[in-house]
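Participant: Pasting in a structure now, in structure tokens, and then I'll have a few things to ask.
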Amino acid sequence: VPEDEAARAIAEALTGDGLKPGSAFTGRCNLMAAARSVLQLDRDTIDQINLVDEAITVATLAPWTVVEAAQMVATVKIIPFAVDVKSLERCLAIAAQGQPLKADALDRFSVCLIQTELPDTSARMLDKTTEVMTRRLNAVGGSLVEERRCLHEAGALQEQISALRDRADLMLIAGASAIVDRRDVIPAGIKQAGGEILHFGMPMDPGNLLLTARVGSTPVFGLPGCARSPKYNGLDAVLERFAAGIDIGGADIM
């Protein structure tokens, strides 16, 4: 099978939701994102295709990469001028077993932010956190619609959670001190508000002390201290997936 024909066939077989194949040329066919989105891929399927024949290669960006509209996310390259039809058919059969590559578009979402305070908490630091969080959310299509502050006590936090419940698509809670375990102030306040703690801890640095929870139908993230910084951290990783409508369970985080 000629190189361009083979490249185009494999690219089309790999094209899942949110992607579109380009034109084949010199044995290469690229896959492009249709919109700003989060790339998902089945690594095992890509590996299987790359193991069929050294003449056939599929290269991709890393899974969970945020990509822009028209950005290349993968490329199929046929190394020689033609490939054996059996190798091509084997690759197409592997690709047909699922959706090896797809890109979930980032949608707009609203956010409420609660910050807790201790007697020595700087108002300037809280203001800076709001600014950083606003920029962070805007970068993934989120908008901060309301912010509240309260004492770093479970009861005071519970009142604010209850008041903001169902006001936005997502609730963020930044504590005056980092969450140390499931009995700390932030998880206690969430539970007093009738919420459920879903997962605490994350194998990402910075971002280890991220907490995920739910109050009614509203997802809640208890923030690690690094969330006050504009540098990429664990919160960004979960916000990107949240913005793309991707479920984030404990196993996903671990």
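Participant: Every residue in segment 13-45 that is of a type in the set (S, T, N, Q) and in contact (Cβ under 8 Å) with a residue 40 or more places away in the chain, please.
Facilitator: Of everything in segment 13-45, those that are of a type in the set (S, T, N, Q) and in contact (Cβ under 8 Å) with a residue 40 or more places away in the chain turn out to be 15, 30, 37, 40, 45.
Participant: Of the numbered conditions (1) touching a residue at least 60 places away in the same chain (Cβ under 8 Å); (2) more than 15 Å from residue 71 (Cα to Cα); (3) open to solvent by 80 Å² or more (accessible area, probe 1.4 Å), residue 10 fails exactly one; give the number of that condition.
Facilitator: All conditions are met except number (3).
Participant: A further question follows. Please go through segment 196-228 and give me each residue that is small (Gly, Ala, Ser) and touching a helix residue (DSSP H, G or I) at 6+ places or on another chain (Cβ under 7 Å), ordered by number.
Facilitator: Scanning segment 196-228 gives 207, 213, 222, 227.
Participant: Let me ask something additional. Take the residues of segment 213-222 that are buried (at least 22 other Cβ atoms within 10 Å of the Cβ) and under 16 Å from the mean Cα position of the chain (by Cα): which is farthest from residue 160 (Cα to Cα)?
Facilitator: In this case the residue turns out to be 221.
Participant: Which residues, counting only those in segment 56-73, are touching a helix residue (DSSP H, G or I) at 6+ places or on another chain (Cβ under 7 Å) and under 21 Å from residue 4 (Cα atoms)?
Facilitator: Correct list: 56, 57, 58, 60.
Participant: Right, next: Inspect segment 49-63 for any residue being of a type in the set (A, V, I, L, M, F, W, C), at pLDDT 95 or above, loosely packed, with under 15 Cβ neighbours inside 10 Å and within 21 Å of residue 237 (Cβ to Cβ) and give the result as yes or no.
Facilitator: yes
Participant: Does residue 100 satisfy the condition of being out of contact with any helix residue (DSSP H, G or I) (no Cβ under 6 Å at 6 or more places or on another chain) and at negative phi?
Facilitator: Answer is no for this residue.
Participant: Can you run down the residue pairs with Cβ atoms below 7 Å, 6 or more apart or on separate chains, where the first is in segment 211-227 and under 11 Å from residue 170 (Cα atoms) and the partner is polar (S, T, N, Q) and in a strand (DSSP E or B)?
Facilitator: Filtered contacts from segment 211-227: 221/212.
Participant: List every residue pair whose Cβ atoms lie under 6 Å apart, where the two residues are 6 or more positions apart in sequence or sit on different chains, the first residue falls within segment 187-207 and is farther than 27 Å from residue 159 by Cα and buried (at least 21 other Cβ atoms within 10 Å of the Cβ), and the second residue, located anywhere, is modelled with pLDDT of 95 or more and of a type in the set (Val, Ile, Thr).
Facilitator: Partner pairs satisfying both residue conditions: 202/253.
Participant: Taking the options 66, 1, name whichever one is touching a residue at least 24 places away in the same chain (Cβ under 8 Å) and surrounded by 18 or more Cβ atoms within 10 Å (Cβ to Cβ).
Facilitator: 66
Participant: Of everything in segment 163-173 that's surrounded by 15 or more Cβ atoms within 10 Å (Cβ to Cβ) and over 23 Å from the mean Cα position of the chain (by Cα), which residue is farthest from residue 245 (Cα to Cα)?
Facilitator: 164
The values are calculated or read from the model by the stated rules, or taken from the named source; none is laboratory data. Being a predicted model, the structure only gives us computed values, none of them experimental. With ideal geometry, Cβ positions are generated from the backbone for all residues, glycine too; neighbour counts draw on all protein chains shown. Ligands, DNA and RNA are stripped out before the accessible areas are found, and what is left, the full protein with its side chains, is counted by its heavy atoms. Shrake-Rupley method; radii C 1.70, N 1.55, O 1.52, S 1.80 Å.
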